[in-house]
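What follows is a single structure, written as structure tokens, with notes after it.
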Amino acid sequence: MLGAIALVVLLAVKPFGRHRLERRIKGEPWACGYKFENSMTVSASGFTQPLRSMFAPAYRIRNILDPSHWMAGTLRTTTQFAKRIEPSFEVYLIDPGRKAISYLSSYASKVQGGDFRVYCIYMIVALLALLIIPFTSGVK
């Protein structure tokens, strides 16, 4: 059966294999009805532009270093600014949460002693609490 399928595929492909283009013609690139220009090439900034505009409020760019007033006499024509991206989303939302979790985990680490017997006692106490709470709260 597999041989018959392979034979059928070969017989179906054989008539189409002869009609290949012998010679290709080179022409000007076409860009949807417009003449192609070098400014139409795809670049990385074209891909990242939507992300940059979407996350612009979260990441502000601030000037940290402006050496122009220090080097005004020697490097008047070439002044470069050192910039860094300030992650305001991380500074105001993620870092406080991370600090709170770290603070709480320092207390939780005191409960963890590394003794298996103590962990078994914790589980028994938790199970008893889960069994007693429904009866004392009146849940039926």
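Couple of notes before you dig in:
- Total residues in region 34-55, condition within 30 Å of S88 (Cα to Cα) and charged (D, E, K, R): 1
- Residues that are in contact with a Ser or Thr (Cβ under 7 Å, 6 or more places away or on another chain) and either surrounded by 10 or more Cβ atoms within 10 Å (Cβ to Cβ) or modelled with pLDDT of 85 or more (or both) do occur in region 71-85, at least one of them.
The values are calculated or read from the model by the stated rules, or taken from the named source; none is laboratory data. The model shown is predicted, which means the values in this text are computed figures rather than measured ones. Please note: Cβ atoms are built from the backbone with ideal geometry, for glycine as well, and neighbour counts cover all protein chains shown.
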